[in-house]
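Read-outs: derived from the displayed coordinates by stated rules, not from any lab. Owing to the predicted nature of the structure, the values given are computational and were not obtained by experimental measurement. With ideal geometry, Cβ positions are generated from the backbone for all residues, glycine too; neighbour counts draw on all protein chains shown.
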Amino acid sequence: MNKFGKGIITGVVATIATTAAGVFAVKKTIIDPELKKEEFVNENRRKAARKRISH
């Protein structure tokens with residue numbers, strides 16, 4: 001393979017790696033905290049419903 005072909009392959013691999021890292025970062029900083037917050041709210045609703053029924 002010549003230098004041009006190696007450069008193209010390196011560029012494609014680097015682009016894919018950068019995109020994957022960006023997606024992973026967005027997932028960790030935006031999506032996961034939202035899911036945790038939603039689960040926390042649902043857990044509190046279940047607890048409140050149990051208290052409301054038992055009293």
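General observations
- Model label points for Ala48 and Lys36, set 7 angstrom from Cα along the Cα-to-Cβ axis, are 2.2 nm apart.
- Structure-based [θ]222 nm, the chain - -39500 (n - 2.57) summed over DSSP H runs of at least 4, per residue, nearest 500: -30000 deg cm²/dmol
- Against the set (1) 4.5; (2) 3.4; (3) 3.6, the structure's computed mean projected area of the Cα convex hull in nm² falls on (1).
- Selection from Asn42, Gly22, Gly5, by position along the positive dipole direction of the chain (Cβ): Asn42
- For the chain: lysine pairs under 27 Å (alpha-carbon distance), excluding those fewer than 8 apart on one chain: 8
- Using only side-chain charges placed at the Cβ, +1 for Lys and Arg and -1 for Asp and Glu, the dipole size of the chain relative to its Cα centre rounds to 320 debye.
- The C-alpha atoms of the chain define a longest principal axis, and helix 3-26 lies at about 10 degrees to it.
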